[in-house]
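Visitor: Pasting a structure below so you can have a look.
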Amino acid sequence: MPEPRAEPRIVSLIASATEIVAALGFGRNLVGRSHECDFPPEVLTLPACSEPKIDVHGTSREIDERVKSLAGAAVSVYRVFPDVLKRLNPTHIITQTQCEVCAVSLKDVEQAMAELIGTERPPQIVALAPMELADVWTDIRAVGQSLGAPDRAKALVGTLQKELDAIRARAASAGSRPSIACLEWIDPLMSCGNWVPQLVEIAGGTNLLGEAGKHSPWLEWDKLAACDADFIAIMPCGFDIARTQAELPPLVEDSRWPKLRAAREGRVYLTDGNQFFNRPGPRLVESARILAEILHPDLFRNSLEGTGWVHFDSRRASAHRVRAN
């Protein structure tokens, strides 16, 4: 008689994977997380297995400089705790290969697990590689397959796709597809790539900066000015709305800012990039919804206003007010 299948013991070292695991019904099997994993809220009780090597409390410019200094020295931005991993004795470790700046990478995990890889029962390492929406679905299926639940993963992907299709269908009834510039970093400027241009299309907009399936590119101010988008959505990687607002001065105090159409006409929006757009998992549906609410308020009830996005009226807000908030 075969032995009963052991319950998985999962360590997720990327926030989006933690959300995928929970959405697949394996939240109770999580035994460890990354320092960034905070959703669902109950995961905050789990031991953190990683930390950043840089001070993340500086300005956008300071954080950028610290990250680049480590990258230039070929040093990882994150530290994984091998002693914690060993104590947790996971059967599965989920990480990613998409971006070594955004989250703990496969290389970080392999280095931390060097002494356990050669043991009799090393953990299964699942490395996700999301570059566009299709890859997110592939990653969900990969997690489900590794946990012995391919049917759950198939059902979850189907549900998320149907929800995005519903947003697309409603947005398509709008009489126009306004243009939008999505910004992933403020100082220096970076536009959004990867899955964000696809979310813009689903939400009934015309994406002007960044390409689907490609890493988010650095952006010259002149290019932002030249595109002169109808809307601007600011969604810095790792920042919530309050942190984003505090980082605005280098952008809105630039002499070119008041000349932008979106700034002149009061169509600038701040979003929670940390909780939504920068996590390639189930809440990309809410991310598309945020864009739809911004672009087509006549078609979409503002259900995520205040939590997912806020309006920033740069026609009335002074630089002093931005700093005060």
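Visitor: Find the accessible area per residue for region 131-228; the probe is 1.4 Å, ligands and nucleic acids are left out, and the unit is Å².
Guide: For region 131-228, the solvent-accessible area averages 44 Å² per residue.
Visitor: At residue 138 and residue 124, where each label point lies 7 Å from the Cα along Cα→Cβ, what is the point-to-point distance in nanometres?
Guide: Computed distance between label sites residue 138 and residue 124 equals 1.9 nm.
Visitor: Could you calculate the FRET efficiency of residue 166 with residue 7 from 1/(1 + (r/R0)^6), where r is the beta carbon distance between them and R0 is 45 Å, rounded to 0.05?
Guide: Rounded to the nearest 0.05, the efficiency is 0.80.
Visitor: Still on this structure: Provide the per-residue ³J(HN,Hα) series for region 156-164, in order, calculated from phi with Karplus coefficients 6.51, -1.76, 1.60 and θ = phi - 60°, each as a whole number of Hz, with x at glycine and proline positions.
Guide: 4, 4, x, 5, 5, 5, 5, 5, 5
Visitor: Limiting things to C-alpha atoms, what are the Rg and the maximum Cα-Cα separation (Dmax) for region 163-291, in angstroms?
Guide: When restricted to Cα atoms, region 163-291 yields Rg and Dmax of 13.8, 41 Å.
Visitor: Let me ask something else. Counting only pairs 8 or more places apart or on different chains, how many lysine pairs in region 138-270 have C-alpha atoms closer than 28 Å?
Guide: The result is 5.
Visitor: May I ask you to derive the FRET efficiency for residue 222 and residue 154 from their Cβ-Cβ distance with R0 = 30 Å, giving the value to the nearest 0.05?
Guide: Efficiency, from the Cβ-Cβ distance: 0.05.
The values are calculated or read from the model by the stated rules, or taken from the named source; none is laboratory data. What you are looking at is a predicted structure, and each value in this text was computed from that prediction instead of being measured. Because the Cβ atoms are built from the backbone with ideal geometry, glycine has one as well, and the counts that use them run over all protein chains shown. Surface accessibility is based on the protein's heavy atoms, side chains included, excluding ligands, DNA and RNA. Shrake-Rupley method; radii C 1.70, N 1.55, O 1.52, S 1.80 Å.
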